[in-house]
Amino acid sequence: SPPPPPPPPAADAGAAAGGGDIVEVTEENLASAVLQAPMPVILDAYADWCEPCKQLTPLLENLVKASGGRLRLAKINVDEQQALSQQLQIRSLPTVFGIFGGKVVDSFQGMVSEEQLAEFATKLMAAAGEAGR
């Protein structure tokens with residue numbers, strides 16, 4: 001029998017495939033959007049009901065936009081992606097991972113200052129820079 005037709009692409013599938021700066025992560029695109037990304041990825045685990053998440057996510061988005069393509073923000077909704085959040089062992093929200101080359105470089109939980117976020121991003125980009133030499 002012929003293979004089933006592929007599902008229609010999600011609204012952000014093009015961004016994920018094309019290397020968009022901000023993507024929603026599912027089990028289907030985790031490898032391409034995060035693990036195999038050519039740039040460092042900030043993986044933001046959030047939920048719609050999480051107040052600190054609502055404060056942190058715009059800060060992360062601004063950080064990524066300011067990086068000029070040197071960082072990607074991958075957001076994972078833990079309520080919609082429960083299997084994935086279990087695999088990542090997410091215990092509290094928000095949980096943020098800095099990932100490069102498929103490995104976790106750094107991570108933090110909870111709300112942090114913009115200064116701490118900038119340090120987190122700098123460390124992540126430095127890890128990528130060292131790997132690229």
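The values are calculated or read from the model by the stated rules, or taken from the named source; none is laboratory data. Every value quoted in this text rests on a predicted model; they were computed, and no experiment measured them. Note that we place each Cβ from the backbone using ideal geometry, even for glycine, and neighbour counts take in every protein chain shown. Protein only, heavy atoms only, side chains kept; ligands, DNA and RNA dropped before computing areas. Shrake-Rupley method; radii C 1.70, N 1.55, O 1.52, S 1.80 Å.
Worth pointing out:
- Candidate aspartates and glutamates for bridging to K54, where Cα separation is under 17 Å - those fewer than 8 sequence places away on the same chain excluded: E24, D44, D79, E80, E114
- Under 5 Å, built H, 5+ apart or other chain: amide partners of V112: none
- At 1.567 mPa s and 4 °C, Stokes diffusion of the stretch 37-107 via Kirkwood alpha-carbon radius, µm² per second: 104 µm²/s
- The charge dipole of the stretch 21-133, taken about the Cα centre with unit charges on the Cβ atoms of Lys, Arg (+1) and Asp, Glu (-1), comes to about 400 debye, rounded to the nearest 20.
- Using a probe of 1.4 Å on the protein chains alone, the accessible area found for E115 is around 140 Å².
- Derived scalar couplings ³J(HN,Hα) [the stretch 41-56; Karplus, 6.51 cos²θ - 1.76 cosθ + 1.60; whole Hz; x for Gly, Pro]: 10, 9, 9, 9, 8, 9, 9, 4, 8, 8, 4, x, 4, 5, 7, 6
- For the stretch 77-94, the Karplus equation 6.51 cos²θ - 1.76 cosθ + 1.60, evaluated at θ = phi - 60°, returns couplings of 7, 5, 6, 7, 10, 5, 5, 5, 5, 5, 4, 7, 6, 7, 9, 9, 10, x Hz by residue, with Gly and Pro reported as x.
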